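Enquirer: This is the structure, below, for whatever I ask next.
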């Protein structure tokens, strides 16, 4: 807290906060407000239609890039962060957005789904469940990714230690 000391003291304190560990609950709360479970376009499949890749996305103003890096590192994700210009052209001056996108099968299976499985409440919990259901029902999602749906339906993410012990609260 700023109490009249030099500005540098505030920046040092802010920097030390940025280096602290994030709790699982904090990460889930952050994702509840700033994350989403969605689909990205993939490559064209045999019928000429574009496939859909399930994805977990966390996007925030670029001033919070360090926070997104901390989330990525705390979860053990390998993805790069991307900074994009605002896509809405409505006359408002918006800041750039830093985005973490996870589409890789192994990271969704071993990290993202187990971390959020059964832990999100309200709308984000509904979105997460609907996303898993759509992975299983959408014909444009590859069979490999559909196995995520089958693991979810069999209750594997809530039963097997490989998935449950890693993110125990």
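Throughout, read-outs are computed from the coordinates displayed, never taken from laboratory work. Keep in mind it's a predicted model, so treat the numbers as computed, not measured. Heads up, the Cβs are rebuilt from the backbone with ideal geometry, glycines too, and the neighbour counts pull from every protein chain shown.
Enquirer: So if I take the alpha carbon set of the stretch 23-164, get Rg, then get Rh from the Kirkwood formula, what is the Rg over Rh ratio?
Expert: Numbers: Rg = 15.8 Å, Rh = 16.1 Å.
On the Cα set of the stretch 23-164, Rg over Rh gives 0.98.
Enquirer: Going by how many other Cβ atoms sit within 10 Å of their own, how do 34, 25, 133 line up, fewest first?
Expert: Details: 34 16, 25 10, 133 13.
If I rank by nearby Cβ atoms, fewest first, I get 25, 133, 34.
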